[in-house]
């Protein structure tokens, strides 16, 4: 136990980007089925997991103040997905949840970037290491699926195509490295509310090319796709339209789109230099927005 007490596992929880998102149906239980190409940016939250005699959850960072008291709670009444993930893993493994999880919240909340899901997935990876659990344990997939649609792909930790309600993950051809700018007007856009506004027809899952090629051919493919949740998200957060326009007018922008259920938007740029210039320009014009630049990579 002395070794466990001295162990510290540091983890990065990257922002999840839905490069396209099509709604393909609705299940009897009310959940919508999706076809989405998902990738991850080197922009995200940070976690540390260390041993404790009891379970503790702590949060700081620029967006920690947006958590409610119940979301900051470490106890059984907590509504935080990280706390629920730790509890579910400990129960499934037959362990007491002896750990302290410290989250530095850099991503906005309810932002369409899968931040909470990515945090939960990172916490699970850290706890698996801390507690010496097998990473392929049979109880792990049910835990991931029960936590939410984005948790399986964020635990997978690399680009992939999700189908169903997120529980089906298919491998995809390698993605080119993509300079990206993320923009959020700092208006929450709750996923459940966005789906309640969805009224369009359902799509058939798309055929993916055998390879994505370079950034030009890849963004050409993406421009033939779309995010079916754009209009429902705009109905809740009209500022999304201004975010999309701000990205689209910047030099080098090859694609501008809403990620997930919003309100975050992303722009893919031809070069890193153009993405940095765009982020600086947008932040200068909109100092109240959250603006970050980085890279979308196959794996982080």
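Here are the numbers:
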item: Residue order, fewest to most beta carbons within 10 Å, for 151, 272; result: 272, 151
item: Tilt relative to the chain, helix 115-131 - C-alpha long axis, 0 to 90 degrees, to 10; result: 30 degrees
item: Förster-model FRET efficiency, 35 Å R0, residue 210 and residue 42, C-beta, rounded to 0.05; result: 0.85
item: Convex hull volume per residue for the chain, taking Cα atoms only, in Å³; result: 133 Å³
item: Where Rh is the Kirkwood radius over Cα pairs, Rg/Rh for the range 2-170; result: 0.96
item: The chain, relative contact order in percent, only Cα pairs under 8 angstrom and at least six apart counted; result: 23 percent
item: Helix 239-248 axis, angle to the chain major axis (alpha carbon atoms, nearest 10°); result: 60 degrees
item: Percent RCO, i.e. relative contact order, over the range 75-123, from Cα pairs under 8 Å lying at least 6 residues apart; result: 47 percent
item: Sequence of 216, 169, 101 once ranked by neighbouring C-beta atoms within 10 Å, starting from the fewest; result: 216, 169, 101
item: Kirkwood-based Rg to Rh ratio, the range 40-122, C-alpha trace; result: 0.95
item: Theoretical ellipticity at 222 nm over the chain - DSSP helices of four or more residues, -39500 (n - 2.57) apiece, nearest 500; result: -9000 deg cm²/dmol
item: Overall Cα dimensions of the range 104-210, principal axis frame, Å, largest first; result: 45, 37, 32
item: Principal-axis tilt of helix 272-285 within the chain, Cα atoms, nearest 10 degrees; result: 90 degrees
item: Relative contact order computed over the range 2-170 (Cα-Cα under 8 Å; 6+ residues apart), in percent; result: 29 percent
item: Principal axes of the range 178-297: Cα extent on each, largest first, Å; result: 41, 39, 21
item: Residues 48, 230, 271 arranged by fewest to most Cβ contacts within 10 Å; result: 271, 48, 230
item: For the range 76-140 and the range 223-292, distance of Cα centres in Å; result: 30 Å
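Values quoted throughout were computed directly from the atomic coordinates according to the rules given, and no laboratory measurement underlies them. On a predicted model such as this, the values are computed, not experimentally measured, just so you know. Note: ideal-geometry Cβ built from the backbone for every residue, glycine included; neighbour counts use all protein chains shown.
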